[in-house]
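**Q** Here's a structure for you.
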Amino acid sequence: MCTVVIRVPASADEPTRVLAIRDEDPERPWNPLGRWWPEPHDGVVGVRDVRAGGAWLAADPAAGRLAVLLNRADESTRPESELVSRGGIVLDSVAGRSPEGEPPTHGFNLVEVEGAHARVLTWDGAALRTVELPPGTHMIAHDDVDDGGTPRIARWLGAFRAAEPASEGRWWMPWADVLERSAELAPTDDGAIIRDNRPHGYPTLSLLACVASVSAHDVDVHYGELAHPGEWGGLELE
């Protein structure tokens, strides 16, 4: 039940800005932002899932590509033995290979950014759909883009749209201020962004965040972990 905020620029001369918050089981190990993959993914940086070896978020700076994966409920009737980890989709995406047909995975929302262009590929186990993101600020969680039926999107999308990223330096600070305001809600509240999903039947809590500025020839990514899972307490991004 991760959350992504993305601002798509009106001009190709401006970067795409991304804020991604990861919700995961704290007992599932991960590697922080780094270069964890050999060929054919040499040069890719990302947050690596230790268990399956794929990525939650990854970027190829030289290609100006970034991808981040959010879980989504699906209608698949395939047995678990036929399904593979979703993390490999992220690595394929930043290599220029988007999912096609009927991916052999559980459902997902895949955010793909290439320079000033962004889209979301949605797989629900029945159909793979693509949503091109127009210029402006959008939110994605576990359902559709800018879905007013998702409480955190209904509550905070307007605030993110009103908080224009800075033009340089720590551009993400206006969005971090919105996160801090959102953390006034209990992490179990349906409208919370920094979350404790255990009361909702999932063993996941908000653990970390990344921000990224994506241009045609570079991706600048910063990473930070929450001091305590599911609690705000500030976020230092490196």
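Read the figures in this text as sums done on the coordinates, not as results from a lab. Computed from a prediction, not measured in an experiment: that's the story for all the values here. We place every Cβ from the backbone using ideal geometry, glycine too, and count neighbours over all the protein chains shown.
**Q** Arranged by the count of other C-beta atoms within 10 angstrom, fewest first, what order do 217, 138 take? Each step should come with its number before you reach the end.
**A** Numbers: 217 9, 138 22.
So the ranking, lowest neighbour count to highest, is 217, 138.
**Q** Quick one: Kirkwood hydrodynamic radius for the chain, alpha-carbon pairs, angstrom, one decimal?
**A** Mean inverse Cα-Cα distance, inverted, gives 17.7 Å.
**Q** Eigenvalues of the Cα gyration tensor times 5, then square-rooted: what semi-axes does that give for the range 136-238, in whole angstrom, largest first?
**A** For the range 136-238, the ellipsoid semi-axes come out as 23, 17, 13 Å.
**Q** How large is the translational diffusion coefficient of the range 1-121 in µm² per second when you combine the Kirkwood radius over alpha carbon pairs with Stokes-Einstein at 25 °C and 0.890 mPa s?
**A** 164
**Q** On average, how much area does the Cα convex hull of the range 72-155 cover when viewed from any direction, in nm²?
**A** One quarter of the hull surface, i.e. the mean projection, equals 6.0 nm².
**Q** What's the whole-number percent of alpha carbon pairs in the range 162-204 lying beyond 14 angstrom?
**A** When every Cα pair of the range 162-204 is considered, 55 percent fall beyond 14 Å.
**Q** What is the ratio of the Cα radius of gyration of the range 105-191 to 2.2 N^0.38 Å, where N is its residue count, to two decimals?
**A** Normalised Rg, Cα atoms only: 1.21.
**Q** Further question on the same structure: Could you put 173, 1 in order, starting from the residue whose Cβ has the fewest other Cβ atoms within 10 Å?
**A** 173, 1
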